Amino acid sequence: GLLVACETRNAAGAIVETHVADDAMQRLQMHKSAEALGNAVCETALEVSSGRSALLIRWLPQDGYGLVQYASRELALEPGTIIGRDTLVGRTCREGLPLVLEDARVTTISEPPYTVSMATRAIPSLAVIPVTRDQRVIGAIVVEGDEPGSITLEESRTIGLLAAVARGSLEIVWEIEEASQRARTDALTGLGNRRDFDDELKRMLAESDQV
């Protein structure tokens, strides 16, 4: 009876994982911008878990820090916010191993979760799932729960599946964004170049025509 029950649960879990993977693949392929893709990843992570809020981090291993790509509104983390190596998320990205804290209140007080300014905010439960490419961490999906124990180990595995499915799309969008930034920036000074100036002028003229 126990063996049959275990096999049934495993089969059901496999069906759920297959559905999550297929649904996530279709949803993520629709988005071409970093913001839209980040939003889709975070929304999907919340749908497949009991989380209350989520954020997507782009990790830069060569620089040893991360950047917020998208975050749920209640987290008050703007895109581009730096996630330091000595934060809880930074340490998880450096170690490259998933982290699930059923009760993160004590841990996040002793070690800032995202930034030093948020060090005093206790988080009931937390999952940090690295996004990896060839054993190299390139990002992380972070999900917060609204009470201790609300993020389970099983849910973290499903979020891990989402991370694996999203990896390819994230890499493409981030590479395009990086190439675009290089094309608009003077390599010597780091300032915007003529192309960046012309694009900004066109944007301002278009906005003035709408007024």
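The values are calculated or read from the model by the stated rules, or taken from the named source; none is laboratory data. Quick caveat, the model's predicted, so the values are computed rather than measured. Here Cβ is always computed from backbone atoms with ideal geometry, including for glycine, and neighbour counts include all displayed protein chains. When the accessible area is computed, the model is the full protein with side chains, heavy atoms only, and any ligands, DNA or RNA have been set aside. Shrake-Rupley method; radii C 1.70, N 1.55, O 1.52, S 1.80 Å.
Remarks
- Test result for Asp103, surrounded by fewer than 20 Cβ atoms within 10 Å (Cβ to Cβ) and under 19 Å from Trp59 (Cβ atoms): no
- Here the condition is being polar (S, T, N, Q), at pLDDT 90 or above and open to solvent by 10 Å² or more (accessible area, probe 1.4 Å); of Thr120, Thr152, Thr115, it holds for Thr152 alone.
- Flag if Pro79 is under 19 Å from Arg157 (Cβ atoms) and open to solvent by 80 Å² or more (accessible area, probe 1.4 Å): no
- Only listed residue being at pLDDT 95 or above, on the phi < 0 side of the Ramachandran plot, surrounded by fewer than 22 Cβ atoms within 10 Å (Cβ to Cβ) and in contact with a helix residue (DSSP H, G or I) (Cβ under 9 Å, 6 or more places away or on another chain), chosen from Pro98, Pro61: Pro98
- Pairs are defined by a Cβ separation below 6 Å, a sequence spacing of at least 6 or placement on different chains, a first member in region 129-145 that is under 11 Å from Arg58 (Cβ atoms), and a second member that is in a loop (DSSP other than H, G, I, E, B) and not aliphatic (A, V, I, L, M); the pairs so defined are Val137/Gly96.
- Selection count, region 30-58, where residues are of a type in the set (Val, Ile, Thr), assigned to a helix (DSSP H, G or I) and surrounded by fewer than 24 Cβ atoms within 10 Å (Cβ to Cβ): 1
- Annotation note: Cβ proximity below 6 Å between a residue of region 60-75 that is free of Cβ contacts under 8 Å to residues at least 60 places away in the same chain and a residue that is open to solvent by less than 20 Å² (accessible area, probe 1.4 Å) and part of a loop (DSSP other than H, G, I, E, B) (sequence gap 6+ or interchain) occurs for Val68/Leu77; Ala71/Leu77.
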